[in-house]
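Values quoted throughout were computed directly from the atomic coordinates according to the rules given, and no laboratory measurement underlies them. The structure displayed is predicted, hence computed values, not measured ones. No Cβ is skipped: glycine too gets one built from the backbone with ideal geometry, and neighbour counts run over all protein chains shown.
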Amino acid sequence: MPRLPIVSQKEIIRVLQKAGFEYAPKRGKGSHAAFVKMDKDKTRLVIVPDRKEIPKGTLLAILDQAGLTKEEFVKMLKG
């Protein structure tokens, strides 16, 4: 299992967009950005804080919200 790298909001947003998420301007508040994706029978909403370094626990929560595994995230981050 790959180790999760330290990433910024911009890097997470890039991966989410590769995974098919779209910016949801009316959902994000303050320094947070919201992204939404229709996934089969449900809508996935992911909130990403505006930070240069996202804490590991926060990143894991974002991956859970997005329905991505650590492996998928690292692969899209590198690719």
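What to note about this one:
- Of the candidates Val15, Val36, the single residue that is among the β-branched types (Val, Ile, Thr), on the phi < 0 side of the Ramachandran plot and touching a helix residue (DSSP H, G or I) at 6+ places or on another chain (Cβ under 7 Å) is Val15.
- Scanning region 2-16 for residues that are under 10 Å from the mean Cα position of the chain (by Cα) and β-branched (Val, Ile, Thr) gives Ile12, Ile13, Val15.
- Filtering region 5-44 to residues that are acidic (Asp, Glu) and free of Cβ contacts under 8 Å to residues at least 40 places away in the same chain leaves Glu22, Asp39, Asp41.
- Counting the residues of region 24-39 that are surrounded by fewer than 14 Cβ atoms within 10 Å (Cβ to Cβ) and of a type outside the set (A, V, I, L, M) gives 7.
- Single unsatisfied condition, Gly20 versus (1) in contact with a Pro (Cβ under 7 Å, 6 or more places away or on another chain); (2) small (Gly, Ala, Ser); (3) at positive phi: (1)
- Reported count of residues in region 46-64, each being out of contact with any helix residue (DSSP H, G or I) (no Cβ under 7 Å at 6 or more places or on another chain) and closer than 17 Å to Lys10 by Cα, is 9.
- Whether a residue is loosely packed, with under 13 Cβ neighbours inside 10 Å and not small (Gly, Ala, Ser) was assessed, and Lys42 passes this test.
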